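Engineer: One structure follows; several queries about it will come next.
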Amino acid sequence: MQRLVMLTTLALALVILPAQLASAAIVVDIERKTDSDPDADGFFDFDTIDGNVAGDLADGIVPTIVGGLQGGAAANLTNGAAQTSDAGNIAESTTPQNLQNTRFIFDLGAVQSVAQFNSYSRHNAERAPQAYDLWAATGNEIGFDAAPGLFVAPDTVGWTLLTNVSTASLGNGGQHGVNISDTTGTLGDYRYFMMVTFEAVTSATSVRTNYGEVDIIAVPEPATLALCGVGGLMMLKKRARRA
Ligand SMILES: [Ca+2]
Ligand SMILES: [Ca+2]
């Protein structure tokens, strides 16, 4: 039994220690690709960041929208594929009224360990750049509001600001991709994520962003390690019982 306790402690230490030793810092990686690589299958293929993938945590979860859309449908944000063309892709997009600071809220249904929050957009001109603040919450915060109104500061109703995003420096047009991660490998344990959108490009006209897809990526390694650890311990326990 003592051996089992020691092994359990060792297994937990191996899983938990690396995350504690690293100093947490959120990293925002951005990249733009132009039409030389059209990615007409709806899966963006970047050189330095991760493209959109199938089967992420947000897959098929239609976001709650606070504020207005200028086009597209909410479901387009989490239906797997991003846009298959630069121009005229409104049917494949979710386009907020950026000037209104429209909010997209994703409810994962339960607290999950999240490694990355990734967003993808596409347009032939000024509607490709992205600008938003990313907030997160577990839902267990005191006074939590899962859908704060446009004039409610999220941090007054339980939300935590993770980071600010802008890809405007990359220029207009093409495919814009954003990977938000953390140096520890874990962005955090959260149930809710919220994008508060902004106008990315200053313009005389109302400029919206044609968002094509959002991926929320689970932390794979610690979960896998923990399962291996638990599996191994179960086997040891069975052996001990047999002996
Ligand atoms: Ca989509
Ligand atoms: Ca997705």
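The values are calculated or read from the model by the stated rules, or taken from the named source; none is laboratory data. This is a predicted model, so every value here is computed, not measured. Methodologically, a virtual Cβ is constructed for each residue, glycine included, from the backbone with ideal geometry; neighbour enumeration extends over all protein chains shown.
Engineer: Out of (1) part of a strand (DSSP E or B); (2) under 23 Å from Gly80 (Cα atoms), the odd one out for Arg127 is which?
Structural biologist: Exception for Arg127: condition (1).
Engineer: Listed residues Asp107, Asp133; which is assigned to a strand (DSSP E or B), acidic (Asp, Glu) and within 23 Å of Asn79 (Cβ to Cβ)? Spell out how you get there, then give the answer.
Structural biologist: Details: Asp133 fails: within 23 Å of Asn79 (Cβ to Cβ).
Sole residue among the options that is assigned to a strand (DSSP E or B), acidic (Asp, Glu) and within 23 Å of Asn79 (Cβ to Cβ): Asp107.
Engineer: Taking strands (runs of 3 or more DSSP E) that fall entirely within the range 16-95, which contain at least 1 residues that are over 22 Å from Leu162 (Cα atoms) and within 16 Å of ligand 1 (Cβ to nearest atom)? Explain how you work it out, then say what you get.
Structural biologist: Details: elements: 26-33, 64-66, 69-72.
Of the strands (runs of 3 or more DSSP E) lying wholly inside the range 16-95, those with at least 1 residues that are over 22 Å from Leu162 (Cα atoms) and within 16 Å of ligand 1 (Cβ to nearest atom) span 69-72.
Engineer: Yes or no: Thr167 touching a helix residue (DSSP H, G or I) at 6+ places or on another chain (Cβ under 7 Å), among the polar types (S, T, N, Q), closer than 25 Å to Gly80 by Cβ and more than 16 Å from ligand 2 (Cβ to nearest atom)? Even if it seems obvious, please write down each step before you answer.
Structural biologist: Values: touching a helix residue (DSSP H, G or I) at 6+ places or on another chain (Cβ under 7 Å): no; among the polar types (S, T, N, Q): yes; closer than 25 Å to Gly80 by Cβ: yes; more than 16 Å from ligand 2 (Cβ to nearest atom): yes.
Against the criterion (touching a helix residue (DSSP H, G or I) at 6+ places or on another chain (Cβ under 7 Å), among the polar types (S, T, N, Q), closer than 25 Å to Gly80 by Cβ and more than 16 Å from ligand 2 (Cβ to nearest atom)), Thr167 does not qualify.
Okay, residues lined up against (1) crowded, with 17+ Cβ neighbours inside 10 Å; (2) at pLDDT 95 or above; (3) more than 25 Å from Ser203 (Cα to Cα); (4) touching a helix residue (DSSP H, G or I) at 6+ places or on another chain (Cβ under 6 Å):
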residue	(1), (2), (3), (4)
Val62	no, yes, yes, yes
Gln70	yes, no, no, no
Asp86	yes, no, no, no
Asn98	yes, no, no, no
Asn101	yes, no, no, no
Leu108	yes, yes, yes, no
Val111	no, yes, yes, no
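Engineer: Does Arg122 meet the test of being in a loop (DSSP other than H, G, I, E, B) and under 20 Å from Gly51 (Cα atoms)?
Structural biologist: Values: in a loop (DSSP other than H, G, I, E, B): no; under 20 Å from Gly51 (Cα atoms): yes.
So Arg122 does not fit the description; no.
Engineer: Continuing with this model, one more query. Is there a residue being within 24 Å of Val53 (Cβ to Cβ), in contact (Cβ under 8 Å) with a residue 40 or more places away in the chain and in contact with an Asp or Glu (Cβ under 7 Å, 6 or more places away or on another chain) anywhere in the range 99-108? So that I can check it myself, show each step before the final result.
Structural biologist: So in the range 99-108, the residues within 24 Å of Val53 (Cβ to Cβ) come out as 104-108.
Right, trim to in contact (Cβ under 8 Å) with a residue 40 or more places away in the chain and you get 104-108.
Applying the additional criterion that residues be in contact with an Asp or Glu (Cβ under 7 Å, 6 or more places away or on another chain) yields none.
Checked against the condition, which is being within 24 Å of Val53 (Cβ to Cβ), in contact (Cβ under 8 Å) with a residue 40 or more places away in the chain and in contact with an Asp or Glu (Cβ under 7 Å, 6 or more places away or on another chain), the range 99-108 yields no hits at all.
Engineer: Are any residues in the range 60-98 farther than 21 Å from Gly149 by Cβ and without any contact (Cβ under 8 Å) to a residue 24 or more places away in the chain, and if so, which ones?
Structural biologist: Those that are farther than 21 Å from Gly149 by Cβ and without any contact (Cβ under 8 Å) to a residue 24 or more places away in the chain: Gly60, Ala73, Ala75, Gly88, Ala91.
Engineer: Related question: Out of the residues in the range 78-96 meeting the condition of being polar (S, T, N, Q) and in contact with a Phe, Trp or Tyr (Cβ under 9 Å, 6 or more places away or on another chain), tell me which one is farthest from ligand 2 (Cβ to nearest atom).
Structural biologist: Filtering the range 78-96 down to residues polar (S, T, N, Q) leaves 78-79, 83-85, 89, 93-95.
Next cut, in contact with a Phe, Trp or Tyr (Cβ under 9 Å, 6 or more places away or on another chain) only: 78, 83, 93-95.
On the way: Thr78: 5, Gln83: 13, Ser93: 14, Thr94: 12, Thr95: 17 Å.
Across the range 78-96, the extreme among qualifying residues is Thr95.
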